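Notes follow once the structure below has been shown.
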Amino acid sequence: MLRFSNVKLTFKPLAFTFCSYLVCSHATAQTVTEQQNVQPQFTPMQVHVPVGDKYDWLQLNSNELLKGDIKHLYANKLEFDSDQLNTLIIDWEDVIVLQSRGPVSIGFTDLSTRTGRLLIQDGQGYLDGVAFNVNDIITIIAGEQHEANYWSSTVSLGANLRSGNNEQIDYSAKARTSRRTTESRFRTDYLGNYSKSGDEKTTNNHRVNSFFDWFLSNQFFLRPVLVEYYTDPFMNISSRITLGSGVGYSIIDTAKTEWSITGGPAYTMTNFNEVELGEDDSERSATLFVDTTFTTELTGSIDFNADYRMQLGNQNSGGYNHHAVAGIVVELTDMFDLDLSLVWDRTSNPRAETDGQTPEKNDYQLIIGFGVDI
């Protein structure tokens, strides 16, 4: 019995050791397999942009690396023509590396313009090897330009056509063209509405305003020229032309929000559609104007914008009048937008017509249209 017991005691450790070996071997094999399935994690520092290449290169904070052509940077939006993905509009804050193969023109916040080969990397900018602060960039234009400038245009159209028992046509249109350089800004806006039910017109108003700003600093600017043309027979205004000039100040100018205010003297020439017997059908008046523009990015694809203008003239020319437009622009694609706008026009002292009827002081319009960025 003692010998048998000794044999059993000797066998148990051998069995235990053998089983332990199998478990450890399996665990080791499983660990090796798991390690082989683990994908390497790259950081932006491990992705290197080619040097001296025939392409412009762009690296995003998602580690994506694109080759193509730099078009321009304006309002913190970079337009980049990818070699494979075509034209892309990219938020400037998403760019961590940007390298040009040739010279580009850069407009800075101090209103200067410099040209050279660009490299932005590690939060630092280099132009022909000379370092500068990336936060000082206003615009980037591809190629050698005498002055970095950017043109943009948008057109928004809405229409409602009916036929049958009721023949009706309604249309609205908004358009904007602007040009921005490091030292100046030019903008022209158009807003028009037309409605016809049967043979009778029910709405027919058009407004065109244009201005030119010259920047004295990053915040202060002069507005040497302001022009506005307005017509609305239903407000008894055959035509109203305003010429003025003023000074302005940028209250907010960040990557997502811009707010500026302008004011100054102007001269208004108003021709009325109809007047009461013995009244003049035109009026000339010195006026004061206040103009403010506000835009902000609510989300990556939704913008809010508001424009307001007040003109103060004499009572015969209509007293003071207000024009306000507030709207939301929803980006459907890189080119097409949905435009929702509310328009308010008010004339404090509208001129009575021939029959003695006085137009309403307030006009409201809701415009729903589809826009195209040109």
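For this structure, a couple of remarks:
- Which listed residue, of T299, T268, is more than 23 Å from Q357 (Cβ to Cβ), in contact (Cβ under 8 Å) with a residue 24 or more places away in the chain and within 34 Å of the chain's Cα centre (by Cα): T268
- Among the residues of region 228-283, just one is on the phi > 0 side of the Ramachandran plot and open to solvent by 40 Å² or more (accessible area, probe 1.4 Å), namely G278.
- Which numbered condition Y74 misses (of (1) under 21 Å from R180 (Cα atoms); (2) exposed (fewer than 14 other Cβ atoms within 10 Å of the Cβ)): (2)
Here is a yes/no grid of residues against (1) more than 15 Å from I141 (Cα to Cα); (2) open to solvent by 20 Å² or more (accessible area, probe 1.4 Å):
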position	(1), (2)
I89	no, yes
W92	no, yes
I96	yes, yes
S105	no, no
G116	no, no
D122	yes, yes
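- Search result, residues across region 135-151 that are modelled with pLDDT of 75 or more and crowded, with 16+ Cβ neighbours inside 10 Å: I137, I138, T139, I140, I141, A142
- The residues of region 175-187 that are touching a Ser or Thr at 6+ places or on another chain (Cβ under 8 Å), open to solvent by less than 40 Å² (accessible area, probe 1.4 Å) and either part of a strand (DSSP E or B) or within 21 Å of S156 (Cα to Cα) (or both), listed by number, are A175, S178, R180, T181, R187.
- Of everything listed in (1) within 15 Å of the chain's Cα centre (by Cα); (2) open to solvent by 20 Å² or more (accessible area, probe 1.4 Å), the single unmet condition for G327 is (2).
- Region 306-320 - residue that is touching a Gly at 6+ places or on another chain (Cβ under 8 Å) and open to solvent by less than 20 Å² (accessible area, probe 1.4 Å) and, of those, modelled with the lowest pLDDT: G319
The values are calculated or read from the model by the stated rules, or taken from the named source; none is laboratory data. Source: prediction; values computed, not measured. For neighbour counting, all protein chains shown are included, and Cβ atoms are generated from backbone atoms with ideal geometry for every residue, glycine included. Just the protein is used for accessible areas: all its heavy atoms, side chains included, with ligands, DNA and RNA removed. Shrake-Rupley method; radii C 1.70, N 1.55, O 1.52, S 1.80 Å.
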